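One structure below.
The values are calculated or read from the model by the stated rules, or taken from the named source; none is laboratory data. What you see is a predicted model, and the numbers here were worked out from it, not measured in a lab. All Cβ positions, glycine included, derive from the backbone under ideal geometry; neighbour counts span all protein chains shown.
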Amino acid sequence: MRIGIVGLGLIGGSLAIDLRARGHQVAGVSRNPGTCARAVERGIADAADVEPGILANCDVVFLCPPLGAIVDTARQVVPHLRADAVLTDVGSVKGPLVEQLHPLWPRFVGGHPMAGTAESGLDAAIPDLFVGRPWVVTPTAGTDEAAVTLLEGLVRSLAADVVRCAPEQHDRAAAWISHLPVMVSASLISACLTEGDPNVAALSRALASSGFHDTSRVGGGNPELGRMMAELNTGPLLATIARFRDELDALRQAIEAGDWDGVEARLQRAQQARPEFVDKPAAGERGTR
Ligand code: NAP
């Protein structure tokens with residue numbers, strides 16, 4: 001197939017690498033001529049241009065710019081698409097985007113690969129980023145079913161797990177497992193910065209090891225993406241922050257009261273539940289689509 005990728009950053013670049021590796025022809029669009037040249041030199045795209053006219057013959061086009069630029073980018077791209085082209089996006093919030101993108105293109109299908117790293121830009125692009133990761137597809141009542149099937153087939157060919165759900169369900173679930181963790185992890189780093197004793201502050205930096213690496217990773221990622229998660233998914237995010245504060249308060253109260261059994265019981269519940277989130281069977285085995 002001929003595939004278009006708009007926005008050659010971490011997600012767009014990684015997608016381009018994998019699709020080319022599977023024999024597809026990839027046309028990239030970047031705002032920066034230098035990025036276009038690098039993408040072609042490094043074999044990430046077959047061709048790349050600053051003008052969306054390069055997408056004219058594409059069967060499928062992925063919109064991969066920052067979350068806040070997806071709708072404007074779509075408006076610039078659609079006049080150049082072939083009438084039967086499938087248009088999709090990779091945005092981390094779905095409800096407000098799907099609502100604005102559906103009317104722009106009859107064969108639009110919302111999507112979100114649940115994969116990433118703390119890096120950004122073309123240089124951060126890596127092969128196999130999506131292997132074994134959920135890729136959410138969010139059709140609505142008016143979505144072209146053949147376009148959904150085509151997108152899902154492409155996603156499965158990247159060894160990602162297709163998960164189909166409504167955009168609003170995606171946003172509530174993503175608030176729990178993606179957007180809340182970014183805010184909690186960033187707040188953890190910020191809290192560490194408030195240590196007033198310079199010696200302790202320096203020592204804490206020197207001692208930080210694998211535990212802090214794991215818990216701070218998503219909070220130390222792309223701030224623009226975190227901002228847009230908050231701006232576009234405000235309601236679900238606020239609901240999860242409120243529940244998180246309740247949980248933290250309950251833990252603090254148990255510690256203040258010296259209720260060590262209560263503390264251990266809470267930690268035991270967390271230990272037992274964690275595999276349900278991180279060691280789960282692939283989506284296909286769960287019977288979801
Ligand atoms: P990124 O590495 O910063 O890449 C985005 C690319 O978009 C940039 O490299 C840039 O490429 C282009 N761009 C930047 N500003 C733009 C603008 N104002 N208008 C149009 N294009 C612009 O970001 P990313 O992490 O790949 O994220 C891209 C999308 O993937 C976002 O919508 C995000 O919600 C979604 N996503 C991210 C993750 C993650 O963990 N990072 C995971 C899943 C989904 P050019 O210089 O080539 O134009």
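Tabulated values for the structure
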item	result
Residues of the stretch 50-66 satisfying the condition of being surrounded by fewer than 16 Cβ atoms within 10 Å (Cβ to Cβ) and part of a loop (DSSP other than H, G, I, E, B)	Val50, Glu51, Ala56, Asn57
Breaking point among (1) within 13 Å of the ligand (Cβ to nearest atom); (2) more than 14 Å from Met1 (Cα to Cα), for Gly43	(1)
Residue match in the stretch 71-86 (condition: surrounded by 15 or more Cβ atoms within 10 Å (Cβ to Cβ), within 15 Å of the ligand (Cβ to nearest atom) and closer than 30 Å to Ser216 by Cα)	no
Residue list for the stretch 10-34, filter: within 24 Å of the chain's Cα centre (by Cα), within 12 Å of the ligand (Cβ to nearest atom) and either among the aromatic types (Phe, Trp, Tyr) or over 29 Å from Pro96 (Cα atoms) (or both)	none
Test: Leu101 is more than 18 Å from Gly13 (Cα to Cα), surrounded by 13 or more Cβ atoms within 10 Å (Cβ to Cβ) and in contact with a Gly (Cβ under 8 Å, 6 or more places away or on another chain)	yes
Conditions (1) of a type in the set (A, V, I, L, M, F, W, C); (2) in a loop (DSSP other than H, G, I, E, B); (3) under 17 Å from the mean Cα position of the chain (by Cα); number of the one not met by Ala45	(3)
Residue within the stretch 12-32 that is surrounded by fewer than 22 Cβ atoms within 10 Å (Cβ to Cβ) and more than 15 Å from Leu154 (Cβ to Cβ) present	yes
Helices (runs of 4 or more DSSP H) (entirely within the stretch 221-282) containing at least 3 residues that are more than 16 Å from the ligand (Cβ to nearest atom) and surrounded by 10 or more Cβ atoms within 10 Å (Cβ to Cβ)	234-256, 260-278
Residue within the stretch 223-235 that is modelled with pLDDT under 95 and over 17 Å from Trp176 (Cα atoms) present	yes
